Amino acid sequence: MPVATKKPHIDEDMITLRLRVHRSNAPRIKEYVQAVEAGDERTYTIAEVFPEYVGKEQVAIRAYRYRENLTQRQLAELTGIPQRHISEMETGKRTIGKELAKRLGKALNADYKVFL
């Protein structure tokens, strides 16, 4: 005969996230999370949170693509940029001109200047 068990209360509005980040970034990430939980409307740029990536725009493409939950192929279809070119831009093997940056910005809901 099955025995009734008491289930723990689960707050469906809250979830637990576990992140693995570099030790030097932890205080900034904690500060950001506290601001979000407090309802702060301020947004942060990649450069503010991860200044070590300034000048490495290829990281921005990958980050924004992940944020939008897109594959390279899907981004290629949205922008008309060949998938291999997107791959080369993400790895720093291909430069990103102003026209391509504008297409990427539109597809990734971001200011195109972050890709320049």
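The values are calculated or read from the model by the stated rules, or taken from the named source; none is laboratory data. Source: prediction; values computed, not measured. Backbone-built Cβ (ideal geometry, glycine too); neighbour counts: all protein chains shown.
Within segment 86-116, work out how many residues are among the hydroxyl-bearing types (Ser, Thr, Tyr) and either touching a residue at least 24 places away in the same chain (Cβ under 8 Å) or in contact with a His (Cβ under 8 Å, 6 or more places away or on another chain) (or both).
The number of residues fulfilling the criteria is 1.
Scanning segment 66-104 for residues that are modelled with pLDDT under 90 and of a type in the set (Lys, Arg) yields ARG67, LYS93, ARG94.
A quick yes/no check of all residues on (1) under 30 Å from ARG94 (Cβ atoms); (2) part of a helix (DSSP H, G or I); (3) outside the structural domain of ILE81 (by TED's automatic domain parsing); (4) at pLDDT 65 or above:
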{"site": "ARG28", "(1), (2), (3), (4)": "no, yes, yes, yes"}
{"site": "TYR32", "(1), (2), (3), (4)": "no, yes, yes, yes"}
{"site": "ALA35", "(1), (2), (3), (4)": "no, yes, yes, yes"}
{"site": "GLY39", "(1), (2), (3), (4)": "no, no, yes, yes"}
{"site": "THR43", "(1), (2), (3), (4)": "yes, no, yes, yes"}
